[in-house]
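Participant: Next up is a structure, given as structure tokens.
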Amino acid sequence: MTDPLPSFPTSRPRRLRYNPLVRDLVRETELSPRDLILPLFVKPGKGLRQEIASMPGNHQLSIDTLVEDVGAARDLGIKAFLLFGIPAPKDARGSSALEDLGIVQESLRTLRKAYGSSVLLVTDECFCEYTDHGHCGILHTRNGTQDVDNDATLAVLAEQCVSHAKAGADVIAPSGMMDGMVGAIRRGLDAAGFEHIPILSYAAKYASGFYGPFRDAAESPPQFGDRNTYQMDPANGDEAIKEVALDLAEGADMIMVKPALAYLDIIRRVKERFAVPVAAYNVSGEFAMVKAAAKNGWIDEKRVTLEILTSIRRAGAEMILTYHARDVARWMK
């Protein structure tokens, strides 16, 4: 806006606020269940529905109860789901992530059989849930310190993604923040005949303190150290733009910023700079804070949740991954 606006009393912005129907007409940002992706956690077993204490209303599920939850969410208008697998066996290489009969692969086949193309199945691609050390790839030792071996991890990461595509994944979402991961995955998918499968890259994933409850849900806390050598420094913004540019150049189709609330500026910068579909992950700690405050009667949960998610959309995200998805869909029915 470059032209000066007329001043008061000619200009009265409140004229557009008095009538609620006028407010609806001029509303700039809309939030709908179709904008939401619901993360779900699946592990071996039967009849399992174990509530995650730090994430009220969310559960670790077995495949049979996963099918029930996806169906119930679909009936509310939620069509997109992000699957996290929690395997029974874990080892240093995350070998179970590659198995044709792995927990995510079996979940994909079962959900596809149950719901066909009426749901969008997105798979998180990483190794922290599958490794016994809780880090996001194969380890090596450098200068006496263990860390993730970036290049050795790329090959197994691509293998994991191809396995998920074969089992029925609609979208591949790599989250490990390995350099070159999108290119390796794109080459792997294309070579296996899955050139039509899009990649939603966790391109700007920060080493955040907001992930605590998720690590309970996915049973994936690192057994030593932290993830600061591969996830981004929360102080950096320009670096996020670089990461996004690299992933797009390697073949990413959509870009994710994670977390969302403390990084609304990054969402806006990415959207304005690249004009590509942007997702934002409203992560477990953000969710848990709202739930805890609401339980104590300190905030109006519905009002605050809708305000938060609308702010994420307003910042530029077309898609929001959120544990609030079911509540929001119920409120909007």
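The values are calculated or read from the model by the stated rules, or taken from the named source; none is laboratory data. The structure presented is a predicted model; accordingly, all values stated were derived computationally and were not measured. So basically every Cβ, Gly included, is an ideal-geometry build from the backbone, and we count neighbours across all protein chains shown. Surface accessibility is based on the protein's heavy atoms, side chains included, excluding ligands, DNA and RNA. Shrake-Rupley method; radii C 1.70, N 1.55, O 1.52, S 1.80 Å.
Participant: So for the chain, averaging the separation of alpha carbon pairs under 8 Å that are six or more residues apart and normalising by length, what relative contact order in percent results? Walk me through the numbers before you get to the answer.
Facilitator: Working: 620 pairs, mean separation 58.6, N = 333.
Relative contact order here is 18 percent.
Participant: In whole angstrom, and with the biggest value first, how far do the Cα coordinates of region 210-297 range along each principal axis?
Facilitator: Per principal axis, max minus min of the Cα coordinates gives 43, 35, 23 Å.
Participant: Taking the chain as the region of interest, what is the percent of Cα-Cα pairs per 20 angstrom bin, listed from the shortest bin to the one with the maximum distance?
Facilitator: P(r) for the chain, in whole percents per bin: 30, 57, 11, 1.
Participant: Also: Rounded to the nearest angstrom and ordered from largest down, what semi-axes does the equivalent ellipsoid of region 67-222 get from its C-alpha gyration tensor (root of 5λ)?
Facilitator: Taking √(5λ) for each Cα gyration eigenvalue gives 26, 18, 14 Å.
Participant: How charged is the neighbourhood of Ser208? Take every other residue with its Cβ under 10 Å from the Cβ of Ser208, and add Lys/Arg as +1 and Asp/Glu as -1. Don't skip to the end; give the middle numbers.
Facilitator: Numbers: positive: Lys205, Arg227, Lys258; negative: Glu286.
Taking every other residue near Ser208 into account, the sum is +2.
Participant: Hey, what angle do you get for helix 284-295 against the long axis of the chain, alpha-carbon based, 0 to 90 degrees rounded to 10?
Facilitator: Taking Cα atoms only, the helix is inclined about 50 degrees.
Participant: Would any residue of region 269-293 have its amide N under 16 Å from a label point 7 Å out along Cα→Cβ of Arg314? List them or say none.
Facilitator: Output list for this probe position: 269.
Participant: Of the cross-linked pairs Lys79/Lys302; Lys166/Lys242; Lys113/Lys271, which ones have a Cα-Cα span greater than 28 Å in the structure shown?
Facilitator: Details: Lys79/Lys302 21 Å; Lys166/Lys242 31 Å; Lys113/Lys271 36 Å.
Result: Lys166/Lys242; Lys113/Lys271 exceed 28 Å.
Participant: Still on this model: With only Lys, Arg, Asp and Glu charged, each at its Cβ (+1 for the first two, -1 for the last two), find how big the charge dipole of region 94-223 is about the Cα centre; round to the nearest 20 debye.
Facilitator: Details: 9 positive and 17 negative charges, 63 e Å.
My answer is approximately 300 debye.
Participant: Something else: Going through region 16-111, which trypsin sites (Lys or Arg not before Pro) have at most 11 other Cβ atoms within 10 Å and a DSSP loop state? Numbers along the way, then the final one.
Facilitator: Details: sites: Arg17, Arg23, Arg27, Arg34, Lys46, Arg49, Arg74, Lys79, Lys90, Arg93, Arg109; in loops: Arg17, Arg27, Lys46, Lys79, Lys90, Arg93.
Answer by residue number: Arg17, Arg27, Lys46.
Participant: Enumerate by residue number the chymotrypsin sites (Phe, Trp or Tyr not before Pro) in region 241-333 meeting two conditions: DSSP loop (anything except H, G, I, E, B), and at most 13 other Cβ atoms within 10 Å of the site's Cβ.
Facilitator: Values: sites: Tyr263, Phe274, Tyr281, Phe287, Trp298, Tyr323, Trp331; in loops: Trp298, Tyr323.
For chymotrypsin sites (Phe, Trp or Tyr not before Pro) across region 241-333 that sit outside H, G, I, E and B with at most 13 neighbouring Cβ atoms in 10 Å, the list reads Trp298.
Participant: Which residues make up the longest stretch of the chain clear of GluC sites (Glu not before Pro) that lie in a DSSP loop with no more than 11 other Cβ atoms within 10 Å, not counting the sites? Walk me through the numbers before you get to the answer.
Facilitator: Numbers: sites that count: Glu28, Glu30, Glu195.
That would be 31-194.
Participant: Specify which residue in the list Ser118, Thr10, Gly176 is farthest towards the positive end of the charge dipole of the chain, using unit charges on the beta carbon of Lys, Arg (+1) and Asp, Glu (-1), about the Cα centre.
Facilitator: Thr10
Participant: Under 17 Å from the Cα of Lys90, which lysines turn up, not counting those fewer than eight places away in the same chain?
Facilitator: Cα-Cα hits under 17 Å: Lys43.
Participant: So what is the diffusion coefficient of region 174-333 in µm² per second by Stokes-Einstein at 4 °C and 1.567 mPa s, using a Kirkwood Rh over Cα pairs?
Facilitator: Values: Rh = 16.7 Å.
Once the numbers are plugged in, D ends up at 77 µm²/s.
Participant: Kindly report the accessible area of the chain per residue (heavy atoms of protein chains, probe 1.4 Å, no ligands, DNA or RNA), in Å².
Facilitator: Details: 15320 Å² over 333 residues.
Normalised by residue count, the accessible surface of the chain is 46 Å².
Participant: Between Ile299, Ile172, Ile308, which gets the highest mean-square fluctuation from a Gaussian network model of the chain, Cα cutoff 10 Å?
Facilitator: Looking only at Ile299, Ile172, Ile308, the largest GNM fluctuation is found for Ile299.
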